[in-house]
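Written out below as structure tokens is the structure these notes cover.
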Amino acid sequence: MRKCSLCGKGTTIGRNRSHAQNRTSRTFKANVQKVTMKMGEEKIGGVFCSRCLKKIKGEIKKTAPKK
């Protein structure tokens, strides 16, 4: 199932258009990846789209202790 567990983004349906204006159906698939990350002591796992992954990694970076 190609659906982000955080935002719900998934496959959408659209159309291809040729130069002759012929229509054919096509699908736009979300860039979804199965990930397990560590945030402090807890693990975050799930299927996330690339936009949500970017947000999660930014939050982890903000909350990480400075060295």
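Given R₀ = 22 Å, FRET efficiency for Lys3-Lys66 by Cβ-Cβ distance, to 0.05?
Rounded to the nearest 0.05, the efficiency is 0.05.
Close amide H partners of Met37, meaning residues 5 or more places away or on another chain with modelled amide H under 5 Å apart, are Ile44, Gly45. When the helices of the chain are scored as -39500 (n - 2.57) per DSSP H run of n ≥ 4 and the total is divided over every residue, the value at 222 nm lands at -6500 deg cm²/dmol.
The per residue volume of the convex hull around the alpha-carbon atoms of the range 12-63 is 77 Å³. Approximating the spin labels as points 7 Å out from Cα along Cα→Cβ, the Thr11-to-Lys38 distance works out to 3.6 nm.
Read-outs throughout are calculated quantities, based only on the coordinates presented, and are distinct from any laboratory measurement. All figures in this text were calculated on a predicted structure; none of them were measured in a lab. With ideal geometry, Cβ positions are generated from the backbone for all residues, glycine too; neighbour counts draw on all protein chains shown.
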